[in-house]
1. Taking the range 167-195 as the search range and keeping residues that are in a helix (DSSP H, G or I) and among the aliphatic types (A, V, I, L, M), which one is farthest from the ligand (Cβ to nearest atom)?
2. Can you tell me which residue within the range 102-139, out of those that are among the polar types (S, T, N, Q) and surrounded by fewer than 17 Cβ atoms within 10 Å (Cβ to Cβ), is farthest from Ala437 (Cα to Cα)?
3. Within the range 376-393, track down each residue that is buried (at least 24 other Cβ atoms within 10 Å of the Cβ) and small (Gly, Ala, Ser).
4. Gln142 passes all but one of (1) in a loop (DSSP other than H, G, I, E, B); (2) away from the ligand (no atom under 14 Å from the Cβ); (3) open to solvent by 50 Å² or more (accessible area, probe 1.4 Å); which number fails?
5. Among the residues of the range 149-166, write down those that are part of a loop (DSSP other than H, G, I, E, B) and either open to solvent by less than 10 Å² (accessible area, probe 1.4 Å) or more than 14 Å from the ligand (Cβ to nearest atom) (or both).
6. Looking only at the range 330-355, count how many residues are open to solvent by less than 10 Å² (accessible area, probe 1.4 Å), over 29 Å from Gln426 (Cβ atoms) and either among the acidic types (Asp, Glu) or touching a Lys or Arg at 6+ places or on another chain (Cβ under 8 Å) (or both).
7. Quick check on my filter: what residues within the range 356-372 are open to solvent by 10 Å² or more (accessible area, probe 1.4 Å) and either touching a residue at least 40 places away in the same chain (Cβ under 8 Å) or under 30 Å from Val200 (Cβ atoms) (or both)?
8. Let me spell it out: the conditions are (1) buried (at least 19 other Cβ atoms within 10 Å of the Cβ); (2) of a type in the set (Ser, Thr, Tyr); (3) more than 16 Å from the ligand (Cβ to nearest atom), and Tyr269 meets all of them except one. Which number is the exception?
Amino acid sequence: MRTLIANGTVVTADGSWPADVLVDGETIAQLGADLAANGVTADQTIDASGKYVIPGAIDVHTHMELPFGGTFAKDTFETGTRAAAFGGTTTIVDFAVQSKGHSLREGLDAWNAKAEGNACVDYGFHMIMSDVTDESLAEMDQLVAEGIPDFKLFTAYPGVFYSDDAAIFRAMRRTRDNGGLIMMHAENGPAIDIVAADLVAQGKTDPYYHGVARYPVFEGEATNRVIRLAEAADVPVYIVHLSVIDALEAIREARDRGAMAYAETCPQYLFLSLDDLGNGFDGSKFVCSPPLREKNPNWEELWSGLKKNDLQVVSTDHCPFDFHGQKELGRGDFRKIPNGLPGVEDRVDLLHHGGVVGGKISKERWVEIIATEPAKLFGMYPRKGAIAVGADADLVVYDPNRKRTISAGSHHMDVDYSCYEGWEVQGGSDVVLSRGAVVVQDGEFRGRKGHGRFLKRGPAEYARMG
Ligand SMILES: [Zn+2]
């Protein structure tokens with residue numbers, strides 16, 4: 001099957017130019033001007049006049065079916081990857097979870113069972129390590145060899161995912177030898193728990209106090225600490241969902257002194273704020289960790305961080321819980337509200353709207369932070385995140401002028417609300433291809449469950465080169 005995407009503007013991290021793209025089977029076969037006029041034939045032609053042609057976006061932070069707080073994140077690999085495809089995202093990297101007292105392998109097997117045969121686009125796994133032992137350290141080497149080279153540890157959630165400094169340092173030292181990458185959820189969980197308990201004891205139980213309890217300095221402190229530990233181990237470290245200037249300053253200083261420190265932020269920290277948590281129990285829709293922050297100065301600082309490459313990636317931390325029946329578990333105690341927001345479908349458009357249309361980043365930088373840098377940092381480049389001959393034909397024909405209104409009534413994520421209900425955004429994915437197959441076109445899903453394959457990824461070499 002040969003598909004010609006004609007008359008579009010190819011937009012990559014390196015630049016933009018008018019070009020046709022020929023897809024043959026699952027990969028990109030040719031790039032150039034006026035391919036049809038030059039004798040190139042195809043089984044189907046997609047007219048991209050007036051549109052961008054961008055590499056399929058990559059979301060390296062999702063939690064499909066994550067168990068949390070006595071319930072499960074609602075999207076399955078099927079519904080979550082279908083929603084991702086509608087939003088122009090053709091690869092996700094989800095987090096398999098090692099539970100305390102269990103092996104990494106058991107966690108990985110459980111996530112394979114959730115994903116295999118169900119995903120609509122390609123997927124990889126990172127591994128959450130909740131129990132650093134001699135055995136799990138040895139297992140890390142095997143996982144790197146199997147294409148699961150990243151391990152996420154937490155300084156938050158004591159008693160659940162939390163690792164102390166010794167465990168973090170041991171895991172980091174292991175990646176020095178096996179080529180893996182440590183990802184860190186950096187908030188000081190033990191300190192947060194003390195503040196949270198105080199607030200609840202004072203009767204301050206509304207969702208708003210979830211945001212109050214998790215001080216910005218707790219994120220700044222933990223971010224600095226884990227970067228320093230990574231420097232001591234002489235390994236790269238990747239900070240997930242950086243939300244606030246205190247942590248951004250730690251990243252900036254680290255990078256200035258030459259540390260192999262990287263970070264992502266998420267749309268919720270660029271577009272939503274502590275105010276959204278404040279509307280009585282409705283605020284539970286916006287409970288995630290780190291929490292939403294004060295708008296000023298954080299939004300501008302995070303955009304600046306993206307522009308200056310202190311932040312390299314925007315991912316979603318997609319972890320949807322229904323308001324009815326799930327978020328409601330935390331009525332009367334914000335500590336019991338399942339943490340997480342839906343977002344996998346909206347990231348590409350929100351960043352186009354707020355970033356490119358909003359004049360904060362170029363369209364090339366937009367492609368870089370949603371596709372190319374994630375591919376490089378997480379061992380998928382140039383197979384993913386690039387428009388180049390031989391790369392997987394994960395492509396999006398993107399209309400930079402289309403306007404749509406975000407709503408739970410029309411989104412494809414399996415969750416009963418949207419954090420951006422009623423927002424009008426400019427830009428949308430018209431046609432989405434995953435390895436050469438059209439999976440979304442004209443607002444219709446044309447893919448199939450099971451099309452998505454496990455993506456074996458390489459070790460974190462790019463993160464070591466800086
Ligand atoms: Zn997460």
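The values are calculated or read from the model by the stated rules, or taken from the named source; none is laboratory data. This structure is a prediction, so every number in the text was calculated from the model and none was measured. For neighbour counting, all protein chains shown are included, and Cβ atoms are generated from backbone atoms with ideal geometry for every residue, glycine included. When the accessible area is computed, the model is the full protein with side chains, heavy atoms only, and any ligands, DNA or RNA have been set aside. Shrake-Rupley method; radii C 1.70, N 1.55, O 1.52, S 1.80 Å.
1. Filtering the range 167-195 down to residues in a helix (DSSP H, G or I) leaves 167-178, 189-195.
Now drop any that are not among the aliphatic types (A, V, I, L, M), which leaves 167-168, 171-172, 191-192, 194-195.
Values: Ala167: 19, Ile168: 17, Ala171: 17, Met172: 19, Ala191: 20, Ile192: 16, Ile194: 23, Val195: 21 Å.
For the range 167-195, the residue satisfying everything is Ile194.
2. Selected residue: Thr133.
3. Gly379, Gly385, Ala393
4. (1)
5. In the first step, residues of the range 149-166 are kept if they are part of a loop (DSSP other than H, G, I, E, B); the result is 149, 155-161, 163-164.
The answer is Pro149, Thr155, Ala156, Pro158, Gly159, Ser163, Asp164.
6. Going through the range 330-355 one residue at a time, the tally reaches 3.
7. Step one: list which residues in the range 356-372 are open to solvent by 10 Å² or more (accessible area, probe 1.4 Å), which gives 356-365, 368.
Across the range 356-372, the qualifying residues are Val356, Val357, Lys360, Ile361, Lys363, Glu364, Arg365, Glu368.
8. Just one mismatch for Tyr269, condition (3).
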